Amino acid sequence: VYRCVPDKQRSFALGVQSVFLRLLGTIPGPILFGVAIDNSCTLWDINECKTKGACWVYDNERMAYLLMGISTACKIITIIFVVMAVCLYKPP
């Protein structure tokens with residue numbers, strides 16, 4: 001970030017970078033991992049009102065594949081963006 005922006009805009013650039021990291025890193029991550037964990041459940045606790053409660057039994061192999069798939073997909077997306085940044089960056 002320091003190399004890409006003028007000296008007077010460095011603090012603003014770091015703030016914008018921090019906002020994007022927070023939005024793209026902390027909000028969808030727990031949601032995706034929670035969905036993966038819920039999808040690996042094989043036996044739910046269902047009460048008398050027919051609402052789902054806690055999971056009693058997980059399919060560990062399915063959970064491992066889902067969590068590893070999410071992590072791998074995020075890493076591939078990161079690598080693509082880093083390669084794009086290296087290729088498209090033009091020094092001032």
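The values are calculated or read from the model by the stated rules, or taken from the named source; none is laboratory data. The structure presented is a predicted model; accordingly, all values stated were derived computationally and were not measured. Neighbour counts are summed over all protein chains in view; Cβ atoms, including those assigned to glycine, are modelled from backbone coordinates with ideal geometry. These accessible areas exclude ligands, DNA and RNA; they are computed on the full protein's heavy atoms, side chains included. Shrake-Rupley method; radii C 1.70, N 1.55, O 1.52, S 1.80 Å.
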- Message: I'd like the isolated cysteines in the chain, meaning no second cysteine's beta-carbon lies under 4.7 angstrom from theirs.
- Response: Cys4, Cys49, Cys74, Cys87
- Which trypsin sites (Lys or Arg not before Pro) from the chain combine a DSSP loop assignment with at most 12 other Cβ atoms within 10 Å? Arg3, Lys50
- Message: How are the alpha carbon pair distances in the chain distributed across 5 Å bins from zero to the largest one, expressed in percent?
- Response: 2, 11, 12, 15, 14, 11, 9, 7, 6, 5, 4, 2, 1, 0
- How far, in nm, would the chain grow between Arg3 and Val19 when pulled straight, counting 0.36 nm per residue and subtracting the alpha carbon separation? 3.9 nm
- Message: At 1.4 Å probe size, put Glu48, Glu61 in order of accessible surface, largest to smallest.
- Response: Glu48, Glu61
- Can you give the accessible area of Val86, probe radius 1.4 Å, in Å² rounded to 10? 110
- Item | Trp44 long-range amide H proximity, modeled H, under 5 Å | Trp56
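How large is the Rg to Rh ratio of region 1-42 when both quantities use alpha carbon positions and Rh follows Kirkwood? Don't skip to the end; give the middle numbers.
Values: Rg = 16.8 Å, Rh = 12.4 Å.
Rounded to two decimals, Rg/Rh equals 1.35.
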- Rounded accessible area of Thr78 (nearest 10 Å², 1.4 Å probe): 70
